[in-house]
Amino acid sequence: MPASEMKAIRQHEFGGPEVLRYENAPVPVLKSGEVRISVRAVGINPPDWYLRDGYKALPPEWQPEVSFPVILGTDVSGVVDAVADDVEGFSVGDEVYSMVRFPGGLAGGSRAYAEYVTAPASEVALKPRGIDHVHAAGAPMSLLTAWQFMIELGHVEPNPLQPKEHQPVPLEGKTVLVNGAAGGVGHFAVQIAKLKRARVIAVASGKHEPVLRELGADDFIDYTQTPPEHIVHDLDLVIDALGGPTSGRFLSTLKRGGALFPIYPLGFSGAKEAEELGVTVSATQVRSNGAQLAEVGCLLNDSTLRVVIDSTFALADARQAHERAAKGHIQGKIVLTVA
């Protein structure tokens, strides 16, 4: 049993990386249906800094109520420390990984930047033996996002941004462009498309070309030299891992019947143009799913899919990790390590 207190990164107000404090916090109490994880590594994701600064990018009516102090984070890899009596399939000592309570923890209920975290057993999977905790922690949200967009949705929750359920499209033999290909979601999207026998065009800055070629990209566009929408056409699918208001520029690159999947759909304003071009625009909200983590874990275990690590920081240095993220041009994932 751990002591009653642990070290965690907490914030007591919204703001920049400077609001992140390394301090004592209560060890979370195990509840029915949960396992408690002694955390070894924590993956950093965009929702972490969205919450840190108060969800300024969301419309006011979508901004969740937040009670301070808040512990950020969703993605962990570690060792099971305790198991609720009603949980089967996990034992103390199991190495596991998880995306904890997302999107249900948008208001800070995930609490992963800490030495211990509890998680619903349904959101946990055994860590792939072929990778270490750092790489395992870098996978959950980014890989599940790519998987749920491209392979299997994994849930039936409605999307408030569109009337129809998101539907992945067949990839074999198709030409797929991945914008933001070097980032967390992007580098997995490249690998998944290649795994499913698509021709893959990766878009990123030039320094990322070698690693993206290694991950399976057939062609590479350095967006700092040439806007991709100026030189590609007749695409079957665009995965825009950046998304946002600029995503509509890819509509003209798609053939009739093609699809544009903006990972971050807020701000997209090209619905009328998409309809005129015969292009489907669709998105979904990634959701925690332990069964899917178990499935993709097999692909991580044998290196069919790889987790690229941009940088690692100690848990106490979460502020510096967020400052690194703010600089952009991330290659893969940023991970916090827990002693």
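A quick yes/no check of all residues on (1) in contact with a Gly (Cβ under 8 Å, 6 or more places away or on another chain); (2) within 30 Å of ASP75 (Cβ to Cβ); (3) of a type in the set (A, V, I, L, M, F, W, C):
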site	(1), (2), (3)
VAL190	yes, yes, yes
GLN225	yes, no, no
LEU237	yes, yes, yes
LEU251	yes, no, yes
GLY257	yes, no, no
PRO265	yes, yes, no
ALA271	no, no, yes
LEU277	no, no, yes
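Out of everything in region 24-70 that is of a type in the set (Val, Ile, Thr) and either buried (at least 19 other Cβ atoms within 10 Å of the Cβ) or on the phi > 0 side of the Ramachandran plot (or both), what residue ends up being farthest from the chain's Cα centre (by Cα)?
First, pick out the residues of region 24-70 that are of a type in the set (Val, Ile, Thr): 27, 29, 35, 37, 39, 42, 44, 66, 70.
Okay, now just the ones that are also either buried (at least 19 other Cβ atoms within 10 Å of the Cβ) or on the phi > 0 side of the Ramachandran plot (or both), so 27, 35, 37, 39, 42, 44, 70.
On the way: VAL27: 26, VAL35: 22, ILE37: 20, VAL39: 18, VAL42: 12, ILE44: 8, VAL70: 20 Å.
Within region 24-70, the match that is farthest from the chain's Cα centre (by Cα) is VAL27.
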Test: residue in region 234-245 that is without any contact (Cβ under 8 Å) to a residue 60 or more places away in the chain, assigned to a helix (DSSP H, G or I) and in contact with a helix residue (DSSP H, G or I) (Cβ under 8 Å, 6 or more places away or on another chain): no
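For region 294-314, give me each residue that is in a strand (DSSP E or B) and touching a residue at least 40 places away in the same chain (Cβ under 8 Å). Full working, then the answer.
Here is the first cut: in region 294-314, the ones in a strand (DSSP E or B) are 309-314.
The answer is ILE309, THR312.
Going by what's in this entry, would LEU106 be described as within 14 Å of the chain's Cα centre (by Cα), aliphatic (A, V, I, L, M), under 16 Å from VAL335 (Cα atoms) and buried (at least 16 other Cβ atoms within 10 Å of the Cβ)?
On the way: within 14 Å of the chain's Cα centre (by Cα): yes; aliphatic (A, V, I, L, M): yes; under 16 Å from VAL335 (Cα atoms): no; buried (at least 16 other Cβ atoms within 10 Å of the Cβ): yes.
Judged against the criteria, LEU106 is not a match.
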Tally of residues being of a type outside the set (Val, Ile, Thr) and within 16 Å of VAL286 (Cβ to Cβ) across region 44-57: 6
Scope region 126-143; condition surrounded by fewer than 23 Cβ atoms within 10 Å (Cβ to Cβ) and either in contact with a helix residue (DSSP H, G or I) (Cβ under 9 Å, 6 or more places away or on another chain) or on the phi > 0 side of the Ramachandran plot (or both); matching residues: LEU126, ARG129, GLY130, ILE131
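Read-outs throughout are calculated quantities, based only on the coordinates presented, and are distinct from any laboratory measurement. All of these numbers come straight from a predicted model, not from anything done at the bench. Note that each Cβ is placed from the backbone with ideal geometry, even for glycine, and that neighbours are counted across all protein chains shown.
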